[in-house]
Amino acid sequence: MEPGRLEELYEWLRIPSISTGGGDPKDLLHAAEFAAGMIRRAGGEAELVTIGEGNPLVIGELQAASEAAPTVIIYGHYDVQDPGPLDAWQSPPFEPEVRGGRLYARGSADDKGNFFPLLVAACELAQSGELPVNVRVVIEGEEEAGGESVAAWVKADERGADCAIVFDSAMEDERTPAITIGLRGCVSSMITVKAQPRDLHSGLYGGSVQNALHVLQMMLTPLLPDADGNLLDELRAGIEPPSAAELESWQRLRPGQEMLDEVGAVPLNGDSGDDFRRRNGAEPSFEINWIEGGAPRTVVPAEARAYVTLRLAPGQDPAAIEAQLKRLLLAAVPEGVEATIDSHVATPSLFGAELPAIQLAREAIDRASGMETALIRSGGSIPVVADFAAAGIPVIVSGFGLAEDEIHAPNESFVLSHLDLSERCAREMLLALAALPQG
Ligand code: BES
Ligand code: MN
Ligand code: MN
């Protein structure tokens, strides 16, 4: 990547465009404007679109060199997660620094640095008059916060597109680029329990009154996985089982045990390693993310809160599973105790390996990288992908991150040389997609 382009990425990374709470709206706006500027400098058009209270969307157009070309949406997100405790960072999160061939910064892998090469490839092809497809740029600023702006925009945009490229995922490993054909969905819920008007003395009232933390515990217990790692059947409804071809291709991927060992994880049970691909890509999973309530002294807590997430497997219907989840949680709430559940959902997605867009992209990445591209499922969620799918737009989800980039954590980084690898692959993909059948 040219030094000028690299400097551009550094400038983008320096903007602390945090969407997950505590960020400054001016920084989000600045990060959006920065991306719009890149599109305009490449001769394209770009505007910021704000929907309701949402963070600005960057909507841009880079015209194909010739008419009657297919339209390809390229998507990334400029918002980042809160960097967390600053003293856990070896270099400050918003001062990009290269160490040992990696670029360290919040957003280096998720998603500014991961998406940047795709944007650069489109801009440079447009500038040199070689762009064979119309590129519509869609960059959002609330992916990490479960915002709804981009979904509303996709739904309202009647022009549609012939396909979308989303660079917000990772390679299978250093030697294996990947297209992520499956992503899990997610039901995220904040649970609030009010058991008493105020905290009570546990000696004077304990044993006679409801305890908010006990109620919360009773609510959550039925949702935990059984000894085999499975959730209740009602939470597993609708799962699309992996095809024989997918199962076969998983055999050729890195063993799940290795993925667990890498992070020093304590496995849930004996076959967590062997079964990793299926559990992570084709099963729902439930996690308690956070619990709060009470105090380390002799009280009966009046209130308790929990944040929980239920990842959904491809095929599952988010509204149906959300209803089951709420039913299961509320079933354990005793008479007189008030419990509220505030949820939002992201729909899972799965694309057929045989889709022309996937085939063309896979061959393009093979050619540009000299490596063999794997089609994988990821356990993570990228909500907009299902919105594109619902609009009839096939999506190529890819990117050149690695499992060890530590996204969302302190010391997030991206392999510096992957900026070039990614740009080469993105360029080849955009060229190849000229052959897409037009809808
Ligand atoms: N880019 C990630 C998701 C991801 C990471 C997909 C690695 C594939 C490989 C995305 O920014 C993310 O963090 N998504 C959230 C969505 C949630 C807020 C609904 C997630 O998965 O937790
Ligand atoms: Mn992301
Ligand atoms: Mn993320």
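The values are calculated or read from the model by the stated rules, or taken from the named source; none is laboratory data. Just so we're clear, the structure is a prediction, and the values are computed from it rather than from any experiment. Don't worry about glycine lacking a Cβ; one is built from the backbone with ideal geometry, like all the others, and counts go over all protein chains shown. In case anyone asks, the SASA skips ligands and DNA or RNA and just uses the protein heavy atoms, side chains included. Shrake-Rupley method; radii C 1.70, N 1.55, O 1.52, S 1.80 Å.
Summary of computed values
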{"quantity": "Per-residue HN-Hα couplings for segment 187-200 [Karplus 6.51, -1.76, 1.60; θ = phi - 60°; Hz; x = Gly/Pro]", "calculated": "10, 9, 9, 9, 10, 10, 10, 10, 9, 9, x, 7, 4, 10"}
{"quantity": "Net length gained if the chain between GLU95 and ARG236 were fully extended (0.36 nm per residue, minus Cα distance)", "calculated": "46.4 nm"}
{"quantity": "Amide H within-cut-off set for GLY399, under 5 Å, with H built and near neighbours excluded", "calculated": "SER169, ALA178"}
{"quantity": "Nonlocal amide H pairs with VAL300, under 5 Å, H built at 1.01 Å", "calculated": "LEU200, HIS201, SER202"}
{"quantity": "Cα centre as origin, Lys/Arg/Asp/Glu Cβ charges: the chain dipole, Debye", "calculated": "460"}
{"quantity": "Potential lengthening between VAL263 and THR340 on full extension [0.36 nm per residue; Cα-Cα distance subtracted]", "calculated": "24.2 nm"}
{"quantity": "Per-residue ³J(HN,Hα) for segment 397-413, Karplus 6.51 cos²θ - 1.76 cosθ + 1.60, θ = phi - 60°, Hz, x for Gly and Pro", "calculated": "9, 8, x, 10, x, 10, 4, 8, 6, 6, 4, 6, 10, x, 6, 4, 8"}
{"quantity": "Of LEU325, ALA245, ALA178, farthest towards positive along the dipole that unit charges on Lys, Arg, Asp, Glu beta carbons give the chain", "calculated": "LEU325"}
{"quantity": "Sequence-distant residues sharing a close amide H with GLU142 (under 5 Å, placed H)", "calculated": "ASP79"}
{"quantity": "Dipole of the chain, positive end: most advanced residue of ILE139, MET190, PHE400 [Cβ charges, Cα centre]", "calculated": "MET190"}
{"quantity": "Protection proxy ranking of 248-254, 428-434, 402-408 - average other beta-carbon atoms within 10 Å, highest first", "calculated": "428-434, 402-408, 248-254"}
{"quantity": "Computed E for ASP366/TYR307 - FRET, C-beta separation, R0 41 angstrom, nearest 0.05", "calculated": "0.50"}
{"quantity": "Of the DSSP H helices in the chain, those whose Cα atoms cover at least 20 Å axially and whose Kyte score averages 0.0 or more", "calculated": "112-127"}
{"quantity": "Solvent-accessible area, 1.4 Å probe, carbon plus sulfur percent, for the chain", "calculated": "50"}
{"quantity": "Whole-number D in µm² s⁻¹ for the chain, Kirkwood Cα-pair radius fed into Stokes-Einstein, 4 °C, 1.567 mPa s", "calculated": "56"}
{"quantity": "Chain lengthening between ALA390 and ALA88 when straightened (0.36 nm per residue, less Cα-Cα)", "calculated": "104.7 nm"}
{"quantity": "Options TYR205, PRO25, GLN359, ranked by Cα towards positive dipole end of the chain, top entry (Cβ charges)", "calculated": "TYR205"}
{"quantity": "Integer Hz, Karplus 6.51/-1.76/1.60 couplings in order for segment 300-314, x for Gly and Pro", "calculated": "9, x, 7, 10, 8, 9, 9, 10, 10, 10, 10, 6, 9, 6, x"}
{"quantity": "Local net charge near ALA282, Cβ-Cβ under 12 Å (Lys/Arg +1, Asp/Glu -1)", "calculated": "+3"}
{"quantity": "Rough spin-label spacing in nm, given labels placed 7 Å along Cα→Cβ, for GLU130 and GLU287", "calculated": "4.1"}
{"quantity": "Surface per residue (accessible, 1.4 Å probe) for the chain, Å²", "calculated": "43"}
